[in-house]
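Every read-out reported here was derived from the displayed coordinates using simple, explicitly stated rules and does not represent laboratory data. What you see is a predicted model; the values in this text were computed from it and never measured. Methodologically, a virtual Cβ is constructed for each residue, glycine included, from the backbone with ideal geometry; neighbour enumeration extends over all protein chains shown.
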Amino acid sequence: MPRNARDVVFVDGVRTPFGKAGPKGLYAETRADDLVVRAIRELLRRNPSLPPERVDEVAIAATTQTGDQGLTIGRSAAVLAGLPKSVPGYAIDRMCAGAMTAVTTSGAGISFGSYDVVIAGGVEHMGRHPMGEGVDPNPRFLADRLVDPSALVMGSTAENLHDRFPGITKERADAYAVRSQQKVAAAYAAGKIQPDLAPTAIRSAEKGWGLATEDEPPRPGTTLESLAALKTPFRVHGNVTAGNAAGLNDGATACLLAAEDVARKIGLTPRMRLVDFAFAGVEPEVMGVGPVPATERLLARNALTMDDIGLIEINEAFAVQVLAFLEHFKIDDDDARVNPWGGAIALGHPLASSGVRLMNQLSRLFEERTDVRYGLTTMCVGMGMGGTVLWENANWEGTE
Amino acid sequence: MSDAVVRGAGGTAPREGTVTGLAELFGDEVVTRAYVRDVTLPYGAGTLALITLDNGHDHTKPNTFGPGGLADLNAALDSIATRDDIAAVGVTGKPFIFAVGADLNGVPLIRTREDAHAIARLGHDVFRRLGELDVPSFAYYNGAAMGGGVEIGLHCTYRTISSGVPALALPETFLGLVPGWGGTYLLPNLIGAEKAIKVVIDNPLAQNRTLKGPQAYELGIADAIFDSADFLEESLAWTARVLNGDITIRRPEVDRGKAWDDAVAAARWNVDGKLHGAAPSYTRALDLIAAAKDRDRDEGFAAEDEALADLIMSDELRAGLYAFDLTQKRAKKPAGAPDKALARPVTKVGVVGAGLMASQLALLFARRLEVPVVLTDLDQERLDKGVGHAHGEIDKLLGKGRVSPDKANRLKSLITGSLGKEAFADADFVIEAVFEEMSVKKKVFAEVEEHVSAECVLATNTSSLSVSEMASGLRHPERVVGFHFFNPVAVLPLLEIVRGERTDDATLATAFATGARLKKSCVLVKDAPAFVVNRVLLRLLAEIVRTVDEGTPIEVAERSVAPLGLPMPPFVLMGLVGPAIALHVNETLHEAFPDRFPLSDNLAKLVASGKTGVYLPDFSLDPEAAEIFGGGTSPSTEEQVRDRALDALADEIRIMLDEGVVAAPQDIDLCMILGAGWPFHLGGVTPYLDRSGVAERVTGRRFLEPGVASPPA
């Protein structure tokens, strides 16, 4: 039976405020699964026209899938969120691109006709699950020289990127980081970030219950001078610092995807249309360059050039990795299309959850920028990958 | 000696009151801390100061309030009351627990009414501040809330409750107190007298029933209900909308007219009918609710202070606290039970017999142990009927939604029948429920022993026969134990575990472990005639029947013990257990103690007549039964009957203790509370026999030292 691919739309997305990982962080005594449950419930609450039993799948990503991020987090979160037991769920892992992959995979399922409505998202509690928790790398990686010894240390891969792009200096990276902080501060002041946030209960045995209402990581007062003084923990006299990289964070995201016709029938308003996506592999020791081949592949397949792209939400794992992308596509470091409301260097990067944060922000930007037709969300991925998703603004007012 | 200084209501000039000695009485208090944290409310509603009540332990040790906890909450309120930058105050608990009320551990040590009054006032002085701040206050009932825990919330301007709250209750009257930290005043003024009485009076009277979150919301105790998954977040969002005026709270208007008075009057009638004035807490609570209609807060709270002070010093409360402690602690750690480690696993159970009791036991074992249970009987028809009855009961549970269809299938598959006792070959625990006749029981056990392993426990549900004699003649008498349930076995929580002369520790440990898995409270009893509950009940009954035989009208005899507030009058009890069984136990006891347990010819005649009691189906006295008991010529007054009955009780219990039937008076009381439903305000029975002077008069001494279940000397 011939089948037609269906249009897939991004309806809505929410997230918990992001916290700093560690014993003093917002979520130090909050469970990871409770974070994603909160995001899912808030998402459903904001879309009351969606009968919960119409959700066909709950795809939730986590990089470390043990403890409170284990137990098939998509399914257990669905049950904990009070979705009908008939709603299935599963867990996804593509490290930093976990939530992005949750969206592309479940979105592809919608397009194929297997789902009408899905919830996709991610969670990472890096305080409870430090990066690399419990990993057991195969000794052949090194014995057979499959990867460079630095490949598994993300900061080292960022230093490697500075080697590959000698024109990207520490000063450029720091300047980018300062702008990210400034853009986030401005976006907060303008009330652009807050609508995506689900205030989340936090508890501390020492302080009692509280409520997380804002992201904890941003440092609005950051200056070039203050960044210059920071240590370069991954290489002596190196370039990568805590200031020009995303921190270690806790947080969760969730978004609602649907077949476009179903969304309209149920009464859900699409914000953007999933056009296509691409993932690509690169040498693991320079994983930060991953978005370049992924984006090239995606643009080529869709007969677009970077000139056709009006907004780019690129994950800021490291400033150098963003700058490498911009340099490749001959985009200025301070191009207004790129992360207009700032990025992960300021907001934080709870690994597997970040993909949907990029989408949330792109979809909000699309609402304001009805002149823009296409946007990208893109991110680099550990073990040498990149992922890019091409979106079409549902509110685009232009004509073909 | 440290003093707790308490500030008065917020916003008014602090009223200084010094509470002397309380902190010392509550020296072991696990202090519930009141943590204050600022919360930025959504929708721009400003800052809320959120108080978290947390005693630092997990949910198995709930938050309670003694002087230390109250002082901490007071200090938290001090820090809030001086602020002008907050829009509201919130109070919530630790995970799964809001707060379960006053810390009662220090109460038995309170010696003076002055101290009692001080602790009462201390609670008011602190809690009422929540209702008298310059900003609105919100209680978020996130988990279990009892007594003072509920009252903290009642003082607040608004309340939300989690749909997951497993229990909310004001159980004070059950113990012998009143919900006197605002409960009797605030609750009826919030939800009306009728609904308040349901919480304050009716539920405690109904085996201390509690409300679930949705029920409490339905009653109007909370203004909003939210799912437990994000209860606090949604409560705070709701708070913001209330503060912004987006949500207006509409509460049904309380009927302050006749409905209020009628509700109180109906409750008085109900309480009096059940307790005959024996438990002052209920009456006192009703007095307070009745007057709450016309009192202002100061008057209402002051009246509660007086009531609490009186009741804290009352014998009934002290007995109630003693009884509560028995059921919470002693019932879970039975005196004299051997090391748990000696218990052997029970993976299959045999039940000899297929009568009503046998099938009830089969169902209980299958439900609680979830192991195969096989019934045996010589008669296929009886066997089918017995198994069928158990399966029918499972269907009833299924119909009521108490078990799922899968669970029902599982339970049914666990309960099977067999004509031959070879089906017991791999059983670890066989209980007999055959005819109450020593020769029959001995024969049955001998047959079972042919098939089972040497370690298989043989338990008897005999209510009066000697366990030791039943074991004699067996190859392994050390594996025989008494396992005496009370009817209905699924409901009554007591299990008398009887150690025979030769019962070994492993068998006894297995019996206790099995009893615990059956969710029964086990009491170790010596192999003495009729054990504990039946012996005490029969001594009472025999004495009262004797007065009727002598010519006292049954009605007079029935009323005689009403002032004790027992669950039912003696002849009603006789009807419930059945005159034949009463006679049988009486005969057993008569055989052992002919002087103290005389046989009543009239009772024998009643049994012979086939009557099931002295009452007709409409609860009127059966004239024919009255006739059977008629003919005596020296009637007694109610008071005389009561005196003789109480004397007999004190006499029998002292003898039982001297014989070593149980380890202590506490075990007698625990048995009477759990097996016969004797009330908390009597402390079971020995606290009452002590405080009424009967024990000393009859036996020359008290059962319990002053202070154990009475105010300290």
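Translational diffusion of segment B:472-534, estimated by Stokes-Einstein from the Kirkwood radius over alpha carbon pairs at 4 °C in a medium of 1.567 mPa s, is 108 µm² per second. Its relative contact order, with pairs defined as Cα atoms under 8 Å and 6+ residues apart, puts chain A at 27 percent. Size of segment A:271-318 from its Cα atoms: along the principal axes, largest to smallest, the extents are 34, 21, 19 Å.
Between B:F619 and A:A336, the modelled labels are 8.6 nm apart [label points 7 Å from Cα along Cα→Cβ]. Highest average first, the peptides B:630-641, B:119-130, B:681-692 ordered by how many other beta carbon atoms sit within 10 Å of their residues are B:681-692, B:119-130, B:630-641. Each principal axis of the Cα cloud of chain B was evaluated for its coordinate range; sorted largest first, these ranges are 84, 61, 51 Å. Build a GNM of chain A with springs between Cα atoms under 10 Å apart, and of A:A300, A:A245, A:A187 the one that fluctuates most is A:A300. Its relative contact order, with pairs defined as Cα atoms under 8 Å and 6+ residues apart, puts segment B:533-660 at 42 percent. Given C-alpha coordinates of segment B:344-526, what is the ratio Rg to Rh with the Kirkwood estimate of Rh? Radius of gyration relative to Kirkwood radius: 0.94. Computed over the alpha-carbon atoms, chain A gives an Rg to Rh ratio of 0.95, Rh here being the Kirkwood radius from the mean inverse distance.
Positive contributions from Lys and Arg (+1) and negative ones from Asp and Glu (-1), summed over other residues with Cβ under 13 Å from the Cβ of B:V30, come out at -3. Its Cα gyration tensor gives the protein assembly as shown an equivalent ellipsoid. The semi-axes, each the square root of 5 times an eigenvalue, are 69, 37, 26 Å from largest down. Just report the Cα centroid separation between segment B:309-386 and segment A:107-163, whole Å. Using only Cα atoms, the two centres lie 55 Å from each other. Taken over the Cα atoms of segment B:533-660, the convex hull encloses 102 Å³ per residue. Among residues other than A:R172 with Cβ under 10 Å from its Cβ, the summed charge is -3 (Lys and Arg +1, Asp and Glu -1). Once the Cβ-Cβ distance of B:E555 and B:D134 is raised to the sixth power relative to R0 = 56 Å, the FRET efficiency obtained is 0.35.
Each residue, A:E327 and B:D28, gets one label point 7 Å from its Cα in the Cβ direction; the gap between the two is 7.2 nm.
Modelled label positions at B:R251 and B:T633, each set 7 Å beyond Cα in the direction of Cβ, lie 6.9 nm from each other. Consider a paramagnetic label point 7 Å from the Cα of A:M306 along Cα→Cβ; state which residues of segment A:363-377 have an amide N under 17 Å from it. Inside the label zone: A:374-377. Computed over segment B:3-313, the P(r) tail beyond 36 angstrom holds 12 percent of alpha carbon pairs. Of the Cα atoms belonging to segment B:287-374, the radius of gyration and Dmax stand at 24.4, 65 Å.
Segment A:303-366: D in µm²/s via Stokes-Einstein (Kirkwood Rh, Cα pairs, 4 °C, 1.567 mPa s)?
Approximately 105 µm²/s, per Stokes-Einstein.
Across peptide B:229-240, the mean count of Cβ atoms from other chains lying within 10 Å of each residue's own Cβ comes to 5. Between the Cα long axis of helix B:315-325 and the first principal axis of chain B there is an angle of about 70°, rounded to the nearest 10. Rank B:V264, B:A291, B:I86 by how far each Cα sits towards the positive end of the charge dipole of segment B:3-313 (+1 on Lys, Arg Cβ; -1 on Asp, Glu Cβ) and give me just the farthest. Going by the Cα projections, it comes out as B:V264. Over 28 Å between Cα atoms, which of B:K212/B:K407; B:K94/B:K396; B:K441/B:K519; B:K329/B:K412 qualify? Violating the 28 Å limit, Cα to Cα: B:K94/B:K396; B:K329/B:K412.
In this Cβ point-charge picture (+1 for Lys and Arg, -1 for Asp and Glu), the protein assembly as shown has a dipole of about 1360 debye about its Cα centre.
Length gained on full extension, B:D296 to B:A608: 106.0 nm, using 0.36 nm per residue less the C-alpha separation.
Using the alpha-carbon centroid of each, what span in Å lies between segment B:387-464 and segment A:4-40? Cα centroid to Cα centroid, the span is 53 Å. The lysines within cross-link reach of A:K330, meaning a Cα-to-Cα straight distance under 21 Å and a gap of 8 or more places when in the same chain, are A:K170. Within the shell defined by Cβ-Cβ distances under 14 Å, the residues around B:G386 carry a net charge of -3, with Lys and Arg each +1 and Asp and Glu each -1. Counting only Cα atoms, segment A:17-97 measures 39, 24, 21 Å along its principal axes, largest extent leading. Helical content alone sets the calculated 222 nm signal of the protein assembly as shown at -12000 deg cm²/dmol, taking -39,500 (n - 2.57) per DSSP H segment of four or more residues and averaging over every residue.
Considering only A:T30, A:T388, A:T63, the mean-square fluctuation computed in a Gaussian network model of chain A, springs between alpha carbons under 10 angstrom, is largest for A:T30.
Remark: the B:L356-B:D262 segment gains 29.4 nm on full extension, using 0.36 nm per residue and subtracting the alpha carbon distance. Against the compact-protein benchmark of 2.2 N^0.38 Å, the Cα-based radius of gyration of segment B:96-142 scales to 1.47.
Ranked by the mean number of other Cβ atoms within 10 Å of their residues, highest first, the peptides B:353-366, B:253-266 come out as B:353-366, B:253-266. Which loop chymotrypsin sites (Phe, Trp or Tyr not before Pro) in segment B:28-71, with loop taken from DSSP, have no more than 12 other Cβ atoms within 10 angstrom of their Cβ? Passing sites in segment B:28-71 are B:Y43. When the Cα gyration tensor is reduced to axis lengths a ≥ b ≥ c, the ratio a/c is 1.5 or higher for segment B:623-685, and with a/b above b/c it is classed as prolate. Here r is the Cβ-Cβ distance between A:D163 and A:R46 and R0 is 51 Å; the resulting FRET efficiency, rounded to 0.05, is 0.65.
Pairs of Cα atoms in segment B:54-107 fall into 10 Å distance bins, from 0 up to the last occupied one, in shares of 21, 46, 27, 6 percent. Based on every Cα atom in segment A:84-234, Rg and the maximum pairwise Cα distance Dmax equal 20.6, 56 Å. Other protein chain C-beta atoms within 10 Å of residue C-beta, averaged over B:49-57: 3. With a Förster radius of 41 Å applied to the C-beta separation of B:D595 and B:N487, the computed FRET efficiency comes to 0.90. Charges were assigned to the Cβ only: +1 to each Lys and Arg, -1 to each Asp and Glu. The resulting dipole of chain B about its Cα centre is roughly 1160 debye.
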